[in-house]
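Okay, structure first, notes after.
The values are calculated or read from the model by the stated rules, or taken from the named source; none is laboratory data. Quantities reported herein were computed from a predicted structural model and do not represent experimental measurements. Don't worry about glycine lacking a Cβ; one is built from the backbone with ideal geometry, like all the others, and counts go over all protein chains shown. Accessible surface is based on the protein model in full, side chains and every heavy atom, while ligands, DNA and RNA are left aside. Shrake-Rupley method; radii C 1.70, N 1.55, O 1.52, S 1.80 Å.
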Amino acid sequence: MKVLVIGGGAREHALCRSLSQDSAVTELYCAPGNAGIAQVATVHPVDQLDGAQVAALARRLDADLVVVGPEAPLVAGVSDAVRAAGIPVFGPSGKAAQLEGSKAFAKDVMAAAGVPTARSYVCATPAEAAEALDAFGAPYVVKDDGLAAGKGVVVTSDREAALAHAASCERVVIEEYLDGPEVSLFAITDGTTVLPLQPAQDFKRALDGDEGPNTGGMGAYSPLPWAPEGLVEEVLETVLQPTVDELRRRGTEFSGLLYAGLALTSRGTRVIEFNARFGDPETQVVLARLRTPLAAVLHASATGALDQLEPLRWDDGAAVTVVIASEGYPAAPRTGDVIEGLADAEAADGTAFVLHAGTRADEDGRVLSAGGRVLSVTATGTDLAEARGRAYAAVDRISLKGGQHRTDIALKAAR
């Protein structure tokens with residue numbers, strides 16, 4: 001199988017790493033890729049938001065499967081262009097990807113499907129936003145209705161800050177605050193069959209102790225030893241399958257990766273948000289534990305054959321990923337700094353490895369920072385404590401001027 005992955009972040013590096021280890025994959029390409037991905041796949045330049053350009057590249061490479069990684073190309077309809085070219089693609093249509101592209105659309109789907117979620121108001125004016133904030137009270141939850149690269153949500157007890165965020169967005173969803181720990185649960189679907197993966201937890205705040213500004217994610221771990229028994233089965237029955245069924249009923253079949261961000265509240269499990277693609281950095285730890293070869297699973301989703309797959313196989317151990325971000329992230333990330341120690345951070349036995357997010361290679365072959373989140377340093381172990389120890393030992397071997405990372409990823413869960 002010849003596989004083309006679209007994207008250039010750590011999520012796509014994680015996908016490429018898994019696909020490169022799959023004996024069914026004879027050729028692996030990534031566009032546009034990054035410095036790390038180039039070590040496991042042949043990279044090609046592409047405008048990943050241009051469906052015609054992506055489809056043309058897939059045809060030129062004679063790809064048997066295209067995997068669209070990021071949300072923006074999905075919402076832009078890149079999958080539609082590839083499908084129209086007759087090539088199987090892992091990723092929902094532009095219309096179905098509105099499940100992530102519009103918080104209001106997602107709320108409407110959840111209401112129709114009977115999916116448990118927070119009560120909410122869709123607001124388009126400052127007056128509507130103020131009224132909604134007062135209806136729910138603090139802490140205030142204000143979400144940009146559109147895509148915001150994982151940073152469109154403000155949770156604050158400061159009413160003025162909540163109003164300011166609402167005013168900065170064209171349309172917002174304001175909802176009640178959901179208490180309890182958060183869980184990320186991915187599911188692969190072909191529009192009918194839904195195949196849940198293993199749950200993970202990510203860390204969205206920039207600083208230890210969940211302090212500091214909201215980011216795209218500073219680390220993640222899997223499994224969740226504290227999660228209630230039967231959680232995956234419950235979410236499949238009450239959230240994932242009803243959502244897929246409702247979208248199919250509407251004629252907007254969703255195939256690809258359905259990501260449910262969940263809150264385990266005092267009143268039961270509630271959906272915080274849906275995403276239409278693998279989450280970053282949770283993908284790094286979930287795929288590190290997956291033992292079933294990935295290509296056949298993604299191809300089955302793309303061709304409507306998920307019901308023919310054997311049950312997925314998982315490593316019984318744990319995985320932890322720690323994000324190294326650039327100086328100034330998330331407000332004003334600095335780029336262009338040399339990264340050293342990458343080879344030293346990788347374990348010969350594969351128990352620790354580095355996934356590139358925002359990197360590029362210069363003309364001398366050096367790896368430079370090229371984004372806010374620069375690396376996802378990932379490790380596996382028999383339990384969270386061992387995986388965590390290996391991940392941080394690898395982080396310590398990497399040098400990036402001004403680089404920052406959290407020191408408490410998976411700390412509580414490993415105790």
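Name the residue from 214, 4, 288 whose Cα lies farthest towards the positive end of the charge dipole of the chain, charges +1 on Cβ of Lys and Arg and -1 on Cβ of Asp and Glu.
Going by the Cα projections, it comes out as 4.
Rounded to a whole number of µm²/s, how large is the Stokes-Einstein D of region 82-240 at 37 °C and 0.692 mPa s, given Rh as the Kirkwood radius over C-alpha pairs?
Estimated diffusion coefficient is 187 µm²/s.
For residue 49, tell me the accessible area in Å² from a 1.4 Å probe, rounded to the nearest 10.
That residue has around 90 Å² of solvent-accessible surface.
Quick one: with all protein chains in place, what share of the accessible area of the chain is carbon or sulfur, to the nearest percent (1.4 Å probe)?
The value for the chain is 48 percent carbon and sulfur by accessible area.
Around residue 162, under 12 Å between beta carbons, what's the net of Lys plus Arg minus Asp minus Glu among the other residues? Show your work: numbers first, answer last.
Working: positive: 143, 159; negative: 134, 158, 160, 175.
In short, -2.
Please list 120, 369, 23 in order of solvent-accessible area, largest first, computed with a 1.4 Å probe with all protein chains present.
Values: 120 40, 369 0, 23 120 Å².
If we order 120, 369, 23 from most to least accessible, we get 23, 120, 369.
If Lys and Arg each add +1 and Asp and Glu each add -1, what is the summed charge of the other residues whose beta carbon sits under 14 Å from the beta carbon of residue 403?
Around residue 403, the surrounding residues sum to +1.
Sum -39500 (n - 2.57) across every DSSP H segment of at least 4 residues in the chain, then divide by the residue count to get the 222 nm mean residue ellipticity, nearest 500. Don't skip to the answer; put the middle values down first.
Values: 15 runs with 119 residues, N = 415.
Estimated from H runs of four or more residues: -7500 deg cm²/dmol.
Of all the Cα-Cα pairs you can form in region 235-382, what percent are over 22 Å apart?
Numbers: 6266 of 10878 pairs.
Tail fraction, whole percent: 58.
Run the quick spin-label model on residue 53 and residue 24: label points 7 Å from Cα toward the beta carbon, then report their separation in nm to one decimal.
With each label point 7 Å from Cα toward Cβ, the separation is 3.1 nm.
Which value, in Å² and to the nearest 10, is the accessible area of residue 222 when all protein chains are kept and the probe is 1.4 Å?
0
Can you give me the solvent accessible area of residue 405 with a 1.4 Å probe, rounded to the nearest 10 Å²?
Around 70 Å² of this residue is reachable by solvent.
Cα to Cα, under 18 Å, and not fewer than 8 places away if on the same chain: which lysines meet these conditions relative to residue 95?
Filter leaves 103, 107.
If the convex hull of the alpha-carbon atoms of region 188-293 is projected onto planes in all directions, what is the mean projected area in square nanometres?
That works out to 7.8 nm².
Which lysines does residue 412 reach when only Cα atoms under 21 Å apart count, and residues fewer than 8 places away in its own chain are ignored?
Within the straight-line cut-off, residue 412 pairs with 204.
How fast does region 351-415 diffuse by Stokes-Einstein, in µm²/s, taking the Kirkwood radius from C-alpha pairs at 10 °C and 1.306 mPa s?
123
If amide hydrogens are placed 1.01 Å from N in the peptide plane, which non-local residues have theirs closer than 5 Å to the one on residue 5?
29, 30, 31, 67
Which loop trypsin sites (Lys or Arg not before Pro) in region 161-209, with loop taken from DSSP, have no more than 16 other Cβ atoms within 10 angstrom of their Cβ?
Sparse-neighbourhood loop trypsin sites (Lys or Arg not before Pro): none present.
Simple spin-label model, 7 Å along Cα-to-Cβ: residue 347 to residue 308 in nm?
A separation of 3.7 nm, rounded to one decimal place.
Between residue 407 and residue 237, what length comes free when the chain is fully extended (0.36 nm per residue of separation minus the Cα-Cα distance, one decimal in nm)?
57.6 nm
Using the heavy atoms of the protein chains alone and a 1.4 angstrom probe, what is the accessible area of the chain per residue in square angstrom?
For the chain, the solvent-accessible area averages 39 Å² per residue.
Give me the three principal axis extents of region 188-242 from the C-alpha atoms, as integers in angstrom, largest value leading.
Answer, in whole Å and largest first: 40, 25, 16 Å.
First measure r as the distance between the Cβ atoms of residue 338 and residue 167, then evaluate 1/(1 + (r/R0)^6) with R0 = 30 Å and state the FRET efficiency to the nearest 0.05.
On the way: r = 40 Å, r/R0 = 1.34.
After rounding to 0.05, the efficiency reads 0.15.
Which whole-Hz ³J(HN,Hα) couplings does region 397-412 yield from phi under the Karplus relation 6.51 cos²θ - 1.76 cosθ + 1.60, θ = phi - 60°, glycine and proline marked x?
Values per residue, Gly and Pro as x: 8, 9, 10, 9, 4, x, x, 9, 8, 7, 9, 10, 5, 6, 4, 5 Hz.
Sort region 114-164 into rounded, prolate or oblate with this rule: let a ≥ b ≥ c be the square roots of the eigenvalues of the Cα gyration tensor; rounded if a/c is under 1.5, and if a/c is not under 1.5, prolate when a/b is larger than b/c, oblate otherwise.
Rounded shape, in that the Cα axes give a/c under 1.5.
Specify the inter-centroid distance of region 188-210 and region 82-126, based on alpha-carbon positions, in whole Å.
With region 188-210 and region 82-126 each reduced to a Cα centre, they are spaced 17 Å.
For labels at residue 2 and residue 385 in the simple 7 Å Cα→Cβ model, what's the distance in nm?
The modelled label-to-label distance comes out at 5.0 nm.
Bin width 5 Å, alpha-carbon pairs only: give the P(r) of region 34-92 as whole percents, running from 0 to the bin holding the largest distance.
The percentages, shortest bin first, are 4, 20, 31, 26, 15, 4, 0.
If we restrict to alpha carbons, what Rg and Dmax does the chain come to, in Å?
20.3, 59
Under 16 Å from the 7 Å Cα→Cβ point of residue 159, by amide nitrogen: which residues of region 116-135?
126-135
Name the long-range amide H neighbours of residue 145: under 5 Å, sequence gap of 5 or more, or other chain; modelled H, no Pro or chain starts.
Under 5 Å from the amide H of residue 145: 171, 172, 173.
What is the spread of the Cα atoms of region 151-233 along each of their three principal axes, largest first, in whole Å?
Cα extents, longest axis first: 42, 34, 21 Å.
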